[in-house]
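Chemist: One structure, as structure tokens, below. Some questions next.
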Amino acid sequence: MLPVRSTSMATQAIVKTTCPRDCYDACGMLVKMAADGAISIVGDPDHDMSKGKLCGKCSIAYNGVWRSKSDRLSMPLKRIGPKGSGQFAEVSWDAALAEIAERVQGIVETDGGQAILQTHYTGTCSLIAGLFPLRFFNRIGATEVDPDTVCNKAGHVALQLAFGESTRGFDPRTINSSKSVLIWGANPSASAPHVHEHWVLGSGIPTIVVDPIRHLTAEAADIHLQLFPGTDAALAFAMLAVIKSAGKLDRDFLDAHCIGWDDIESQFDECTLPWAEAITGVPAALIEQAALLYADGPSLLWMGQGFQRQTLGGNAMRSVALLPPATGNIGKRGAGFLYLNGWDARGVDAGYLSASHLNADPQSVSHMDLAARLESVETKALFTWNNNIAASSPEQTRLRKALTREDLLQVTVDLFQTDTADYADFVLPAASFLEFDDVVMSYFSHSLSAQVAALPPQGEALSNQEIFRRLSRAMNLTDPELHESDDAIIETILDQACPGLDFKTLAAKGTMHVPAIPTVQFSAHDYKTPSGKIEMTGEPYVQSGLPSAPGPAAERRPALGEYRMLSPASEWLMNSSYANDAKIGRRLKLCEAWLSPADAETMGIADGSRLEVRSKTGAIELSVGVSPAVPAGVLLAPKGQWPKASASGANINVLNPGDKSDLAQSCAVHSINVTLTKPPATPR
């Protein structure tokens with residue numbers, strides 16, 4: 001560990017490291033250790049994104065529950081009570097791994113590895129801790145619960161069909177060549193606060209935001225198109241129709257680099273501005289203004305993950321993604337689009353990290369089907385790591401009941417005793433990112449960062465990768481991929497991303513850009529589709545369950561007396577992470593959901609009123625506030641609270657039926673309609 005530098009008499013050492021959480025920022029941090037043993041974690045002033053400041057939630061959690069000896073798991077635990085009761089006894093690593101290994105080996109021999117489900121996501125986004133465990137699961141042939149289906153799968157697949165890939169986005173450093181930035185369905189003020197402050201606001205470039213909620217980024221924008229949820233494709237087609245009418249379509253680009261445009265343009269006649277205003281709720285003048293500003297380019301398009309979490313999510317992503325090629329905003333500096341910037345764009349081979357070659361026949365299941373799969377006796381075991389399914393997955397009531405199966409082996413790897421861990425047969429304590437070396441790559445910028453061990457692990461906690469190395473040994477699995485050291489993997493990662501770079505050098509810098517010179521997305525027009533062009537229509541879409549061409553479709557508005565519920569990330573949480581911090585918990589309890597002033601007046605409620613929220617799947621009572629940021633007909637109810645910390649013993653996912661979008665078995669969580677009623681008065 002530990003490149004340190006001496007400082008004043010009061011501070012003994014400082015360690016430069018990087019936050020690997022599920023956030024666009026990937027902030028640089030300093031861990032300051034005083035001579036008296038006090039520790040504080042702050043932003044790195046040398047980091048080009050954090051600029052000396054952490055976001056509020058991370059600052060609280062990393063200086064709070066993340067280092068709390070009473071809250072962190074420090075020893076392996078074995079269940080001694082009913083599932084869900086949270087009754088456990090401490091056991092040694094050897095004893096826990098020996099029993100897990102014996103039971104897993106028996107399942108593999110009797111039922112095959114596919115009878116074992118493993119579910120994971122972005123509890124940490126560092127490369128080794130986030131991917132190395134997949135080597136073990138690939139080796140035994142386990143079934144993966146497809147992580148992206150609970151989040152952004154529809155968007156990925158839509159872009160892959162059109163452009164051949166979804167993780168090579170624009171380089172944010174090229175914004176100084178842009179004339180406008182269009183942010184569609186993302187909320188940087190909550191999910192990327194440093195990007196919001198230093199990139200969006202700090203650039204001075206005219207900004208357009210498309211979002212149903214008037215969050216801080218939308219409020220600061222030059223133009224905010226506050227559409228009703230589920231009308232994204234209609235708005236995109238209306239903007240394209242405006243661009244055509246103004247003679248601003250880039251015909252040369254469309255002819256040279258695109259397939260299928262004629263089938264799209266033929267739909268524009270119906271997409272008039274009055275029609276669009278009626279469908280989306282956005283004033284026609286604003287639609288026209290935004291369309292022309294974007295078309296004048298060069299312009300950047302940031303496509304967030306929020307708007308593809310709907311029943312028509314695949315169609316919506318396809319429609320919005322037409323804007324860059326239609327206007328020639330691809331292949332030149334200051335133009336392009338971003339969904340995520342992946343490791344592959346920086347030369348790192350994810351297949352190497354996960355040892356995908358160990359599994360010749362990979363099996364997967366959607367998160368939307370997880371509860372049903374856990375009910376099935378064909379599922380014999382469940383591993384959960386880097387996520388908290390009892391809080392974050394759909395059909396919460398059904399799923400938690402399925403987790404009570406006594407014949408289901410459940411192993412949970414986590415830092416904390418989460419709701420999911422309460423159902424486990426074994427809980428294995430994971431080290432936090434502050435406690436081991438790794439590599440971090442932002443999924444916004446083209447950066448490469450060192451995650452440097454700054455503190456010792458809590459008790460006997462181990463990194464994710466070391467846990468699965470030891471489990472591999474306990475099962476007598478000798479494949480070298482299962483035992484490769486962190487140092488060797490880091491060396492390979494750095495050699496792939498930046499030949500000649502070593503970890504010591506990267507740790508001293510903290511963060512560097514790869515490559516050092518800003519890149520232009522698709523500068524060579526090297527689209528990885530079968531035709532080598534941008535494929536806007538065609539048979540692959542039909543085979544994926546979509547029409548050949550996207551269209552200006554909109555979801556039906558909620559029925560009278562219903563509200564569309566949106567459950568984006570909370571500004572105080574990282575999915576369900578940090579919800580167990582006491583300071584953050586107090587902030588979460590102030591208000592759990594929000595209505596527009598008009599809807600609040602209709603219902604006769606004020607800030608802090610308790611309402612029962614009911615969907616076709618379940619019900620929960622929430623404290624509801626009133627906010628002008630929320631449009632009429634919408635309930636804003638951020639996700640992420642721990643069910644066991646709630647008076648109702650549930651969170652917002654008790655309302656989530658697990659309905660799928662139109663593409664890739666992905667979630668449609670932003671298409672849930674709910675009713676609101678005042679609960680009966682409590683007798684005095």
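Chemist: Report the semi-axes of the equivalent ellipsoid for the chain in whole Å, largest first, where each axis is √(5λ) for an eigenvalue λ of the Cα gyration tensor.
Modeler: On the way: eigenvalues 293, 183, 138 Å².
Gyration-tensor ellipsoid for the chain: 38, 30, 26 Å.
Chemist: Specify the angular offset, from 0 to 90 degrees and rounded to the nearest 10, of the alpha carbon long axis of helix 464-474 from the longest principal axis of the alpha carbons in the chain.
Modeler: Relative to the chain, helix 464-474 is tipped by roughly 50 degrees.
Chemist: At 7 Å along Cα-to-Cβ for each site, give me the label-to-label distance between GLN267 and SER364 in nm.
Modeler: 2.6
Chemist: Another one. Quick one: which residues, 5 or more positions from SER180 or on another chain, have an amide H under 5 Å from its amide H? H modelled 1.01 Å from N in the peptide plane, none for Pro or chain starts.
Modeler: LEU300
Chemist: Here's something else I'd like to know. For segment 191-337, restrict the atom set to alpha-carbon positions and state the Rg and Dmax in Å.
Modeler: 14.7, 42
Chemist: For ALA246 and SER531, what is the calculated FRET efficiency with R₀ set at 41 Å and r taken between the beta-carbons, to the nearest 0.05?
Modeler: Plugging the Cβ-Cβ distance into 1/(1 + (r/R0)^6) gives 0.90.
Chemist: If the chain between ALA13 and ASP495 were fully stretched, how many nm would it gain, using 0.36 nm times the residue separation less the Cα-Cα distance?
Modeler: That works out to 170.6 nm of additional length.
Chemist: With r as the distance between the Cβ atoms of ASN176 and ALA598 and R0 = 51 Å, compute the FRET efficiency 1/(1 + (r/R0)^6) and round to 0.05.
Modeler: For R0 = 51 Å, the calculated efficiency reads 0.80.
Chemist: Could you give me D for segment 83-238, from Stokes-Einstein at 4 °C and 1.567 mPa s, where the hydrodynamic radius is the Kirkwood radius over C-alpha pairs? Units µm² s⁻¹, please.
Modeler: 64
Chemist: In addition: Within segment 217-232, find all residues whose amide N lies under 20 Å from a label point positioned 7 Å from the Cα of ALA285 along Cα-to-beta-carbon.
Modeler: The answer is 219-228, whose backbone nitrogens lie closer than 20 Å to the label point.
Chemist: Next question, about the same structure. Evaluate the charge dipole of the chain about its Cα centre and quote only its size in Debye, nearest 20, assuming +1 on the Cβ of each Lys and Arg and -1 on the Cβ of each Asp and Glu.
Modeler: Dipole size: approximately 1620 debye.
Chemist: I've got another one for you. Give me D for segment 259-339 in µm² s⁻¹, whole number, from Stokes-Einstein with Rh from the Kirkwood sum over alpha-carbon pairs, 20 °C and 1.002 mPa s.
Modeler: 153
Chemist: Which distance in nm do the two modelled labels at LYS589 and ALA278 give, with both placed 7 Å along the Cα-to-Cβ direction?
Modeler: Roughly 4.9 nm, to one decimal.
Chemist: Turning to a different aspect of this structure: Mind listing the phi-derived Karplus ³J(HN,Hα) values for segment 336-351, rounded to whole Hz, using 6.51, -1.76 and 1.60 with θ = phi - 60°, and x for any glycine or proline?
Modeler: Calculated HN-Hα couplings, in order: x, 10, 9, 10, 9, 9, x, 5, 4, 5, 10, x, 8, 8, 5, x Hz.
Chemist: Quick one: with all protein chains in place, what share of the accessible area of the chain is carbon or sulfur, to the nearest percent (1.4 Å probe)?
Modeler: Details: 12860 of 25010 Å².
That fraction is 51 percent.
Chemist: Give a residue-ordered list of calculated ³J(HN,Hα) values for segment 110-122 (Karplus: 6.51 cos²θ - 1.76 cosθ + 1.60, θ = phi - 60°; whole Hz; x for Gly, Pro).
Modeler: My calculation for segment 110-122 gives 8, 10, x, x, 5, 6, 9, 8, 10, 10, 7, 7, 10 Hz in order.
Chemist: Sort 290-303, 599-612 for me by packing, meaning the mean count of neighbouring Cβ atoms within 10 Å per residue, highest on top.
Modeler: 290-303, 599-612
Chemist: Can you pick out the pairs among LYS504/LYS639; LYS616/LYS639; LYS57/LYS179; LYS509/LYS639; LYS244/LYS332 whose Cα atoms lie more than 29 Å from each other? The partial results should precede the final answer.
Modeler: On the way: LYS504/LYS639 39 Å; LYS616/LYS639 18 Å; LYS57/LYS179 33 Å; LYS509/LYS639 36 Å; LYS244/LYS332 21 Å.
Over 29 Å apart, Cα to Cα: LYS504/LYS639; LYS57/LYS179; LYS509/LYS639.
Chemist: So, R0 is 22 Å and r is the distance between the beta-carbons of SER68 and ASP94; what FRET efficiency does that work out to, to 0.05? Could you put the intermediate results ahead of the total?
Modeler: Details: r = 27 Å, r/R0 = 1.22.
In this case the efficiency is close to 0.25.
Chemist: Please give the per residue accessible area of the chain, computed with a probe of 1.4 Å over protein heavy atoms only, in Å². Let's see the in-between values first.
Modeler: Details: 25010 Å² over 684 residues.
Result: 37 Å² per residue.
Chemist: Next question, about the same structure. Helix-derived [θ] at 222 nm for the chain: sum -39500 (n - 2.57) over DSSP H runs of at least 4, divide by residue count, nearest 500?
Modeler: Helices in the chain give a 222 nm mean residue ellipticity of -7500 deg cm²/dmol.
Chemist: Where in segment 284-303 does the label zone of ASP222 land, with the point 7 angstrom along Cα→C-beta and an amide N cut-off under 16 Å?
Modeler: What the label zone holds, given the 16 Å backbone N cut-off, is 286-302.
Chemist: Quick one: 3J(HN,Hα) in Hz for segment 370-376, Karplus 6.51/-1.76/1.60 with θ = phi - 60°, rounded, Gly and Pro as x.
Modeler: 4, 4, 5, 5, 6, 6, 6
Chemist: Same structure, new question: Per the Kirkwood formula on distinct C-alpha pairs, the Rh of segment 516-562 is how many angstrom?
Modeler: Evaluated on segment 516-562, it is 14.5 Å.
Chemist: Restricting to bridges with both residues inside the chain, how much of the DSSP beta-bridge set is antiparallel, in percent to the nearest 5?
Modeler: Details: 41 of 85 bridges.
Antiparallel bridges make up about 50 percent of those DSSP assigns within the chain.
The values are calculated or read from the model by the stated rules, or taken from the named source; none is laboratory data. All values reported here derive from a predicted model rather than from experimental measurement. Here Cβ is always computed from backbone atoms with ideal geometry, including for glycine, and neighbour counts include all displayed protein chains. Areas reflect the complete protein model, heavy atoms only, side chains present, ligands, DNA and RNA absent. Shrake-Rupley method; radii C 1.70, N 1.55, O 1.52, S 1.80 Å.
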